[in-house]
Amino acid sequence: QVQLVESGGGLVQPGGSLSLSCAASESISSLRVMGWYRQAPGKQRELVASSSRTSSTNYADSVKGRFTISRDYAKNTIYLQMNSLKPEDTAVYYCNAEKWGFSIKMSDYWGQGIQVTVSS
């Protein structure tokens, strides 16, 4: 099993910045797709940002231009840099990874979730 450990959440004021980290228990070179999801109270879990091993990225429309996802292969870690935060960004954020074999997705892995609260 691949373990994903998130860190960096907390409370920040609107307009502020926060950086989330997700450390994987194995080389992230073996994880074809990694990303961040979030779930606010009473709402469905939604994709925030994702990144593939080919360095392609995908962002939700609501965070484009404000959030940046990146990979550090040496540290087996992905990051989510969040700028210009809004109260609507308040949610539990989950790290996600997909393990593939050739062109077939084999497994999905999830972190435990970390709270991000944007409030004055």
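The values are calculated or read from the model by the stated rules, or taken from the named source; none is laboratory data. In this text, all values refer to a predicted model and were calculated from it rather than measured experimentally. Please note: Cβ atoms are built from the backbone with ideal geometry, for glycine as well, and neighbour counts cover all protein chains shown. Remember, those area values only see protein heavy atoms, side chains included, never the ligands or the DNA or RNA. Shrake-Rupley method; radii C 1.70, N 1.55, O 1.52, S 1.80 Å.
Being outside any loop (DSSP other than H, G, I, E, B), charged (D, E, K, R) and surrounded by fewer than 20 Cβ atoms within 10 Å (Cβ to Cβ) is the filter here, so list the residues in the stretch 72-97 that pass it. It would help to see each step written out before you state the result.
In the first step, residues of the stretch 72-97 are kept if they are outside any loop (DSSP other than H, G, I, E, B); the result is 72-75, 77-82, 87-89, 91-97.
Checking the rest, the ones that are also charged (D, E, K, R) come to 72, 75, 88-89.
Hits for the stretch 72-97 are D72, K75, E88.
Are any residues in the stretch 26-64 in contact (Cβ under 8 Å) with a residue 24 or more places away in the chain, surrounded by fewer than 15 Cβ atoms within 10 Å (Cβ to Cβ) and of a type in the set (S, T, N, Q), and if so, which ones?
S27, S29, S30, Q39, S62
Looking at the stretch 98-120 only, could you name the residues that are more than 15 Å from G8 (Cα to Cα), assigned to a strand (DSSP E or B) and in contact with a strand residue (DSSP E or B) (Cβ under 8 Å, 6 or more places away or on another chain)?
Selection gives E98, K99, W100, K105, M106, S107, D108, Y109, W110.
Could you list, in sequence order, the residues of the stretch 65-116 that are of a type in the set (A, V, I, L, M), in contact with a Lys or Arg (Cβ under 9 Å, 6 or more places away or on another chain) and touching a residue at least 40 places away in the same chain (Cβ under 8 Å)? Let's see the steps before the verdict.
Here is the first cut: in the stretch 65-116, the ones of a type in the set (A, V, I, L, M) are 69, 74, 78, 80, 82, 85, 91-92, 97, 104, 106, 114, 116.
If we keep only those that are in contact with a Lys or Arg (Cβ under 9 Å, 6 or more places away or on another chain) too, we end up with 78, 82, 85, 91-92, 97, 106, 116.
Of everything in the stretch 65-116, those that are of a type in the set (A, V, I, L, M), in contact with a Lys or Arg (Cβ under 9 Å, 6 or more places away or on another chain) and touching a residue at least 40 places away in the same chain (Cβ under 8 Å) turn out to be I78, M82, L85, A91, V92, A97, V116.
Testing G111 on (1) open to solvent by 30 Å² or more (accessible area, probe 1.4 Å); (2) small (G, A, S); (3) touching a Cys at 6+ places or on another chain (Cβ under 8 Å), one condition comes back false. Which one is that?
Just one mismatch for G111, condition (1).
Is it fair to say G8 is of a type outside the set (S, T, N, Q), free of Cβ contacts under 8 Å to residues at least 40 places away in the same chain and open to solvent by 30 Å² or more (accessible area, probe 1.4 Å)?
Details: of a type outside the set (S, T, N, Q): yes; free of Cβ contacts under 8 Å to residues at least 40 places away in the same chain: no; open to solvent by 30 Å² or more (accessible area, probe 1.4 Å): yes.
Against the criterion (of a type outside the set (S, T, N, Q), free of Cβ contacts under 8 Å to residues at least 40 places away in the same chain and open to solvent by 30 Å² or more (accessible area, probe 1.4 Å)), G8 does not qualify.
Could you please find all residues in the stretch 71-107 being under 22 Å from K43 (Cα atoms) and among the basic types (K, R)?
Selection gives K86 alone.
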